[in-house]
Amino acid sequence: MTDIFGVPIVVLLGQLLLGLINGSFYALLSLGLAIIFGMLNVINFAHGAFYMLGGFAAWLLLSALGIGYWETLIAAPLMVGALGAVVERLFLKRLYRVDHLYSLLLTFGIALMLEGLFRHVYGAAGKPYPIPPSLTGGINLGFMFLPMYRAWVIVASLAVCIATWLAIERTKLGAYLRAATENPGLVQAFGINVPFMLTATYAFCVGLAGFAGALAAPLYQVSPGMGSSVIIVVFAVVVIGGMGSIGGAIVTALALGIIEGLTKTFYPAASSIAVFVVMVLVILIRPSGLFSREA
Amino acid sequence: MAEAPLLDVKGLEAWYGESHVLHGIDFDVRKGEVVTLIGRNGAGKTTTLRSLIGVVGKRRGACSYKGADLLKVAPHKVARLGIGYVPEERGIFSSLTVLENLLFPPAWQAGGMAVDEIYGLFPNLKGRDSTSGTRLSGGEQQMLAIGRILRTGADFILLDEPTEGIAPVIIEEIGAALRILKDRGMTIILVEQNLRFAASIADRHYVLDQGKVVDEISNNALDANMDRLNRYLGV
């Protein structure tokens, strides 16, 4: 058996895989967070709650209505996105003209209310969600055993992230969005419905969080606290990548997932703070983030 | 005048937050005319343009245009009526190239110019397609800001100080381009501090002061009224 610094290579690869999976969730969540910050100037503290809602949507659709995994993967993001659209229309859009802090407090409040509501109704305990039959089992890669569902999570989230990035960086719609962050009044004067675009952007990004939640359901249990435990790391990812940098958020998320995995292997005690140590270093050396444009 | 004006502004008031900026603006623009709004800094010229397209806070009054009241049209639908806006700061997007900037505004009406035609009007832009929009000189950015409106099929153009901070040679080119547009039947409102430039293309001038129209002078009578005008402008 080959060892690296006294750690069997199989264990190392296993932790790397776990890190990559965590990184995939970080990527889906931080991508949406970065877009919302970049386009709407909102620090969306409710993002973790929407992720939790995605998980609960999956669990409820299955346990109450018997709707299966694949349909849920479409339905959960749509439901969460629709709720996001309502939140944007009713509350957030009134706060664009005032300081960031107001929308931060609003979304933080929404997160607390949603989490409290679900804890009250469903209790704090985790709800199990079965792995869909078509994705059970795994592949023996020779050096390690790769569970199918975990492979699927990595592929699905990467595909969604890359598609989103392409849509924003390479399409006309994306150009409208980017231009609207520079000069919303002028984009509107050109005949583009900017308020609608902002609602759609928020709904889409929050829908991404819902998608992540549904994707996570079979892997972790569905619980009211699942969002708040992941959101702090995701904020660190966005800060490290550079607020508003979309590509940066994806790359940083995967890298940090892996760094976390490696720390777990070599020095488990530090694994839960590894991300924050990186964040402190980045803030010291490059305060606006690794991938920010203005730095 | 037999024909009703294309744009008829009556008692236009506007606010930026708490501050009351326009106190009842009255003017009209007939089809195919070039009309200038002149006046000192802070007289309300830019605000008047911005009120027409709905990017100020609160507005009151009436702005009838092609049978619609512009004050009741949602801001993102004004462009669809054929109104093109060229802002004072030019508003070239730094995240887009010259060509992307040019192609950026959607074409809402038929009859917009083709890209080659726009390059014919502003040869400086030609061959700069993949340059970042804000790497152009101020004058070239101004040309780009006008050019991108021409693609949209707009036939009514709101031009805010196109000569500000621009080299005289480029000012002449922009003036020549505007005369071509006028000959093509475009209607233009020009906000301008440069009287000589304004006189070289305009039909009529409205003088604004403290959020009101205080005078109207036809271009033919400009020389005869120079003293009066200079008093308004505080020259």
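We did not get these values from a lab; they are worked out from the coordinates using the rules stated. Just so you know, these numbers come straight off a predicted model, no measurement behind them. So basically every Cβ, Gly included, is an ideal-geometry build from the backbone, and we count neighbours across all protein chains shown.
Quick one: in the stretch B:97-118, of everything that is assigned to a loop (DSSP other than H, G, I, E, B) and touching an Asp or Glu at 6+ places or on another chain (Cβ under 9 Å), which residue is surrounded by the most Cβ atoms within 10 Å (Cβ to Cβ)? Restricting to residues being assigned to a loop (DSSP other than H, G, I, E, B) and touching an Asp or Glu at 6+ places or on another chain (Cβ under 9 Å), the top hit is B:Gln109.
Listed here are the residues, each with its yes/no results for (1) within 14 Å of another protein chain (Cβ to nearest Cβ); (2) under 20 Å from B:Asp215 (Cβ atoms); (3) of a type in the set (S, T, N, Q); (4) crowded, with 18+ Cβ neighbours inside 10 Å.
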| position | (1), (2), (3), (4) |
| --- | --- |
| B:Thr36 | no, yes, yes, yes |
| B:Gly42 | no, yes, no, no |
| B:Leu52 | yes, no, no, yes |
| B:Val56 | yes, no, no, yes |
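Per the listing A:Ile67, A:Ile36, the residue uniquely over 30 Å from B:Gly17 (Cα atoms) and among the β-branched types (Val, Ile, Thr) is A:Ile67. Applying a threshold of 6 Å to beta carbon distances and a minimum spacing of six or more residues, or different chains, the list of pairs starting in the stretch B:92-110 at a residue that is within 7 Å of chain A (Cβ to nearest Cβ) and ending at one that is surrounded by fewer than 19 Cβ atoms within 10 Å (Cβ to Cβ) and assigned to a helix (DSSP H, G or I) reads B:Phe93/A:Glu182; B:Ser94/B:Thr134; B:Trp108/B:Arg80.
Can you name the residue in the stretch A:161-191 that is facing chain B (nearest Cβ under 7 Å) and in a helix (DSSP H, G or I) and is also surrounded by the fewest Cβ atoms within 10 Å (Cβ to Cβ) among such residues? If you could, list the steps in order and put the result at the bottom.
Let us first name the residues in the stretch A:161-191 that are facing chain B (nearest Cβ under 7 Å), namely A:175, A:178-179, A:182-183, A:185-186, A:188-191.
After this cut, where a residue has to be in a helix (DSSP H, G or I) as well, the list is A:175, A:178-179, A:182, A:185-186, A:188-189.
Numbers: A:Ala175: 20, A:Arg178: 20, A:Ala179: 24, A:Glu182: 15, A:Gly185: 17, A:Leu186: 25, A:Gln188: 24, A:Ala189: 29.
The selected residue is A:Glu182.
Looking at (1) closer than 30 Å to A:Leu12 by Cβ; (2) surrounded by fewer than 17 Cβ atoms within 10 Å (Cβ to Cβ); (3) in contact (Cβ under 8 Å) with a residue 60 or more places away in the chain, which one does A:Tyr149 not meet, given that it meets all the others? Result: A:Tyr149 passes all but (2). Of the strands (runs of 3 or more DSSP E) that lie entirely inside the stretch B:1-87, those containing 3 or more residues that are more than 27 Å from B:Asn194 (Cβ to Cβ) span B:7-16, B:58-65.
Residue check: A:Gly227 meets all listed conditions (1) more than 14 Å from chain B (Cβ to nearest Cβ); (2) surrounded by fewer than 22 Cβ atoms within 10 Å (Cβ to Cβ); (3) assigned to a helix (DSSP H, G or I) but one, namely (2).
Considering B:Val78, B:Val34, B:Val9, which residue is of a type outside the set (S, T, N, Q) and either under 22 Å from A:Leu198 (Cβ atoms) or without any contact (Cβ under 8 Å) to a residue 40 or more places away in the chain (or both)? Working first, answer last.
Numbers: B:Val34 fails: either under 22 Å from A:Leu198 (Cβ atoms) or without any contact (Cβ under 8 Å) to a residue 40 or more places away in the chain (or both); B:Val9 fails: either under 22 Å from A:Leu198 (Cβ atoms) or without any contact (Cβ under 8 Å) to a residue 40 or more places away in the chain (or both).
Only one candidate passes the filter, namely B:Val78.
A Cβ distance below 6 Å, combined with a sequence gap of six or more or placement on separate chains, defines the contacts here; from the stretch A:56-77, residues that are surrounded by 17 or more Cβ atoms within 10 Å (Cβ to Cβ) reach residues that are charged (D, E, K, R) in the pairs A:Trp59/A:Lys127.
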